[in-house]
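Asker: My questions all concern the structure below.
The values are calculated or read from the model by the stated rules, or taken from the named source; none is laboratory data. Because the structure is predicted, anything quoted here is derived from the model rather than measured. Positions of Cβ are generated from backbone atoms using ideal geometry, with glycine treated the same way; all protein chains shown enter the neighbour counts. Areas reflect the complete protein model, heavy atoms only, side chains present, ligands, DNA and RNA absent. Shrake-Rupley method; radii C 1.70, N 1.55, O 1.52, S 1.80 Å.
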2 protein chains.
Amino acid sequence: MLTDPPIEGRQGLGRRDFLKRSAAAAVALSTGPRPQPPTVDASRVNAILADFRRFGGTGDGGTTRLAYSDEDLAGRDYAAGLMRRAGLEVSTDLAGNLIGRRPGTDPAALPIITGSHMDSVPSGGSYDGQVGSAAAFEVALTLADHDIALRHPLEVIIFQNEEGGKTGSRALVGRVYPFELDIVTASGHSIRDGIARLGGDPARLAEARRDPGSMAGFLELHIEQGALLEAGGIEIGVVEGIVGIRRWNVTVRGAQNHAGTTPMPLRRDALVAAADFVRAANEVATTMPGRQVATVGRIEAVPGAPNVVPGEVRATLEIRDLAMTKIDRVFAEIEARARAIEAGREVTVAFEQFYESLAAPTDSRFRDIVEASAAALGYSRTRMPSGAGHDAQSMAELGPVGMIFVPSRGGISHSPDEYTAPGDIARGANVLLRSVLALDGGG
Amino acid sequence: MLTDPPIEGRQGLGRRDFLKRSAAAAVALSTGPRPQPPTVDASRVNAILADFRRFGGTGDGGTTRLAYSDEDLAGRDYAAGLMRRAGLEVSTDLAGNLIGRRPGTDPAALPIITGSHMDSVPSGGSYDGQVGSAAAFEVALTLADHDIALRHPLEVIIFQNEEGGKTGSRALVGRVYPFELDIVTASGHSIRDGIARLGGDPARLAEARRDPGSMAGFLELHIEQGALLEAGGIEIGVVEGIVGIRRWNVTVRGAQNHAGTTPMPLRRDALVAAADFVRAANEVATTMPGRQVATVGRIEAVPGAPNVVPGEVRATLEIRDLAMTKIDRVFAEIEARARAIEAGREVTVAFEQFYESLAAPTDSRFRDIVEASAAALGYSRTRMPSGAGHDAQSMAELGPVGMIFVPSRGGISHSPDEYTAPGDIARGANVLLRSVLALDGGG
């Protein structure tokens, strides 16, 4: 059901500039010395990214391209055209993921997969997922430009509904539960209807599952969505893995009292105890060695009136780290602090875990390849965890994965203010290209 | 529109017991030695209080007698009957307050006023306001039993809609704003309709206003609604005044960030800063000399998701003290702590005052009289502020006021668990009676 994007006549000046630049690059290739290995066309990858904004771009620099929306469908049509231009064979799998594939020279070699997502949150940015998607197309286009054959098949995948819960990549590992199909997403379409809209078949979703060991590996470029690279003036993040997450509901119970008639020494104020707890969680995560984070993001005092000493406080606690065992150690330390607060403030503090997402470490060989690629290109780099979830987390069940981060200005994401500089995007795409070539050469 | 309560036939065994006890008391009076000065009938005042529960009493020991409700009207009818039984002339003023009056022997003497309220909050207790009302009736009944004439006129007032904002007592000092009449109360009746239902005239509400200096004084017995007396094993609270109140909206602003991708050292977490603030406010109020209280009763983190570092926290701060200048000093100290938090956590803390209720000190002579009365009766007593608001606060604009507190079990109020022991109620009524006699003798 996918058709070529109507490149001429509808895409305006940006599109024409893009084609002119592509042509210029081709001319340079045919007349100048050919670099070994090649690098991406920095202008083209940024032009592709800019073109994406025609599908749901908002006036403020942001993008609203909700999974399954008309903008999502139009954006994928455009993406399919780019895939074809890069010589990829385009298809949509049963889960509605958009796939572009070129064969390898070795019939026995497993595919090297790269890609990301193109859907956004409501009033989201124009970089999250889209940078990795544009870079994947650019890698395929560069390989085509340079007529480079790979030993492995190459697959470019645009995963569907990443923002709504990584539906597409989870379908590839058989982890979409039947009840999820009835969830109505931000687009107004249920996941079931959305998959059909994309050209998948929700009734045959289970068949979209791939076998573990069916790929040579998966590489994803993504914006950092944090401020670590920018703060350190570093160009490339070599992702060590996607952190695990545990979340708890925390209930602090004291004694509800009249705020006028209850002298300070007679109070068992649940909110004062909760304040101790918020500080303790922050202190533990800040002072323990390591890169764990702990967050109290939600808090409510009951009954919540200005003139009543709170008898109960309901809050959440979230801990993330690359190692689940470290999460356990951080929690144990915070829990010990809670026990001390109970004794000191005559309250009770109860924890109830309600969410868990297991950590997904990247492959050590992939980390080395990404790092070596960045080094060969002369880019500054650092190893770091990914604090956010990504499709690579699902793909890790199928084989080795690697991730490349580029800086996010101010660490801002899921906002129209999300921004990554064109130079950073080109550097990221170059590291992705070189890593793909290194994997192909080495595996 | 008030009628005698149908004492016989409708009031059941409790009522018959009450009459039997009253008769027994009368017999005791006529045959035994007459005490000088007299004391109240401990059984009778508790029986009156128990009788109140026939009007809105709930099965769990509590009472729902919302102002202007049918239960309120029926309770007032019963109260009017008690007033008549005590030889008081019953009327309803233009504001709907129920008034029982007996003349004094000195035509020039101003009235001594006592009373409280009989309305309750929804699912409220059976003591708040009702103890002071029952005691006022008991004082009048005891004076009648003993045929004691007072030099001053005596007025017993049941103020209407205390729980909904002290409407009745504020009308006596001309402080009910026209817009308030349209407020729909918990009973479902607007204040305008409610006043009419009680026999007042909302159109002539302004005429309900009394002149400052038009009374010799006002005395109110009330349950403490705090745990100070119980905790100290003290029988009588000599109230030094009703505390003033100031309330602020407090807004802490930091930086909203992704809880996964923002390392601890790069955070400007508004909730961690707000936790500092909650603790600081508590510490300042607890450690400064005096009996001020400070409460953060409401708190909300924005956006309030488990996986987002809060960028903003909205909370309330309330400070109460007998002296408004002390409230200012406590606030200044808390504000200084907020400035230090701003610097330390890279956040801003903004305060916006949205409520003020001025402190109403009791009259020093009244305090001495209440204390001397308790001492003469052999009751333990202490001077203390009233942390809650009362009708006495309005009455203080008309002349000197005094208040007597009796213990509240566990400090619990506005709840079916509200409880004051019969012995404490009798002691309170005795202090009220003796104080009225002392005021009459001395003024």
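Asker: Within segment B:169-187, is even one residue within 17 Å of the chain's Cα centre (by Cα) and not aliphatic (A, V, I, L, M)?
Answerer: Taking every residue of segment B:169-187 in turn, at least one turns out to be within 17 Å of the chain's Cα centre (by Cα) and not aliphatic (A, V, I, L, M).
Asker: Specify which of the listed residues (A:LEU377, A:LEU433) is surrounded by fewer than 24 Cβ atoms within 10 Å (Cβ to Cβ) and touching a residue at least 40 places away in the same chain (Cβ under 8 Å).
Answerer: On the way: A:LEU433 fails: surrounded by fewer than 24 Cβ atoms within 10 Å (Cβ to Cβ).
Within the list A:LEU377, A:LEU433, the selection yields A:LEU377.
Asker: Continuing with the same structure: Of A:GLY389, A:GLY378, which residue is outside any helix (DSSP H, G or I), closer than 30 Å to A:GLU230 by Cα and out of contact with any strand residue (DSSP E or B) (no Cβ under 7 Å at 6 or more places or on another chain)? Walk me through how you get there before you give the answer.
Answerer: Working: A:GLY389 fails: out of contact with any strand residue (DSSP E or B) (no Cβ under 7 Å at 6 or more places or on another chain).
On inspection, the qualifying residue turns out to be A:GLY378.
Quick grid of which residues meet (1) out of contact with any strand residue (DSSP E or B) (no Cβ under 9 Å at 6 or more places or on another chain); (2) modelled with pLDDT under 95; (3) open to solvent by 10 Å² or more (accessible area, probe 1.4 Å):
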position: A:PHE277; (1), (2), (3): no, no, no
position: A:PHE331; (1), (2), (3): no, no, yes
position: A:GLU335; (1), (2), (3): no, no, yes
position: A:GLU356; (1), (2), (3): no, yes, yes
position: A:ASP363; (1), (2), (3): no, no, yes
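Asker: May I ask you to list the residues in segment A:70-99 that are open to solvent by 10 Å² or more (accessible area, probe 1.4 Å), in a loop (DSSP other than H, G, I, E, B) and of a type in the set (Gly, Ala, Ser)?
Answerer: A:GLY87
Asker: If A:THR262 meets every condition in (1) touching a Gly at 6+ places or on another chain (Cβ under 9 Å); (2) away from every other protein chain (no Cβ under 11 Å); (3) part of a loop (DSSP other than H, G, I, E, B) apart from one, which number is that one?
Answerer: That leaves (2) as the condition not met.
Asker: Restricting the search to segment B:305-319, which residues are open to solvent by less than 10 Å² (accessible area, probe 1.4 Å) and facing another protein chain (nearest Cβ under 7 Å)?
Answerer: Across segment B:305-319, the qualifying residues are B:VAL309, B:PRO310, B:THR316, B:GLU318.
Asker: How many residues does segment B:279-308 hold that are more than 30 Å from B:HIS390 (Cβ to Cβ), of a type outside the set (Lys, Arg) and modelled with pLDDT of 95 or more?
Answerer: Pass one, segment B:279-308, residues more than 30 Å from B:HIS390 (Cβ to Cβ): B:279-280, B:300-308.
Narrowing further to those that are of a type outside the set (Lys, Arg): B:280, B:300-308.
Narrowing further to those that are modelled with pLDDT of 95 or more: B:280, B:300-301.
Here the count works out to 3.
Asker: Oh, and also: Just name the residue that is farthest from the other protein chains (Cβ to nearest Cβ) out of those in segment A:224-259 that are among the acidic types (Asp, Glu) and either assigned to a helix (DSSP H, G or I) or open to solvent by less than 30 Å² (accessible area, probe 1.4 Å) (or both).
Answerer: Step one: filter segment A:224-259 for residues among the acidic types (Asp, Glu), giving A:224, A:230, A:235, A:240.
Applying the additional criterion that residues be either assigned to a helix (DSSP H, G or I) or open to solvent by less than 30 Å² (accessible area, probe 1.4 Å) (or both) yields A:224, A:230.
Details: A:GLU224: 7, A:GLU230: 10 Å.
The extreme case among them is A:GLU230.
Asker: Touching a Gly at 6+ places or on another chain (Cβ under 8 Å), over 20 Å from B:ALA275 (Cβ atoms) and within 12 Å of chain A (Cβ to nearest Cβ): does that describe B:ALA323? Give the steps one after another, and end with the answer.
Answerer: On the way: touching a Gly at 6+ places or on another chain (Cβ under 8 Å): yes; over 20 Å from B:ALA275 (Cβ atoms): yes; within 12 Å of chain A (Cβ to nearest Cβ): no.
Criteria not met by B:ALA323.
Asker: Of the residues in segment A:287-299, how many are in a loop (DSSP other than H, G, I, E, B), open to solvent by 20 Å² or more (accessible area, probe 1.4 Å) and more than 7 Å from chain B (Cβ to nearest Cβ)?
Answerer: Start the filter on segment A:287-299 by keeping residues that are in a loop (DSSP other than H, G, I, E, B), which leaves A:288-292, A:296-298.
Now narrow it down to the ones that are open to solvent by 20 Å² or more (accessible area, probe 1.4 Å): A:288-291, A:298.
Adding the requirement that they be more than 7 Å from chain B (Cβ to nearest Cβ) leaves A:288-290.
Qualifying residue count for the region: 3.
Asker: Moving to a separate point now. Within the group A:VAL302, A:VAL284, which residue is open to solvent by 30 Å² or more (accessible area, probe 1.4 Å), more than 8 Å from chain B (Cβ to nearest Cβ) and touching a residue at least 40 places away in the same chain (Cβ under 8 Å)? I'd like the intermediate steps shown before the answer.
Answerer: Values: A:VAL284 fails: open to solvent by 30 Å² or more (accessible area, probe 1.4 Å).
A:VAL302 is the lone residue from the list that is open to solvent by 30 Å² or more (accessible area, probe 1.4 Å), more than 8 Å from chain B (Cβ to nearest Cβ) and touching a residue at least 40 places away in the same chain (Cβ under 8 Å).
Asker: For segment A:177-223: of the residues being open to solvent by less than 40 Å² (accessible area, probe 1.4 Å) and part of a strand (DSSP E or B), which is nearest to A:PRO400 (Cα to Cα)?
Answerer: A:GLY217
Asker: Being open to solvent by 10 Å² or more (accessible area, probe 1.4 Å) and touching a His at 6+ places or on another chain (Cβ under 9 Å) is the filter here, so list the residues in segment B:129-171 that pass it.
Answerer: B:GLU162, B:GLU163, B:LYS166
Asker: Among the residues of segment A:341-354, count how many are exposed (fewer than 15 other Cβ atoms within 10 Å of the Cβ), aliphatic (A, V, I, L, M) and in contact (Cβ under 8 Å) with a residue 40 or more places away in the chain.
Answerer: First, pick out the residues of segment A:341-354 that are exposed (fewer than 15 other Cβ atoms within 10 Å of the Cβ): A:343-344, A:346, A:350-354.
Still in the list and also aliphatic (A, V, I, L, M): A:343, A:350.
Cutting the leftovers down to in contact (Cβ under 8 Å) with a residue 40 or more places away in the chain gives us A:350.
Here the count works out to 1.
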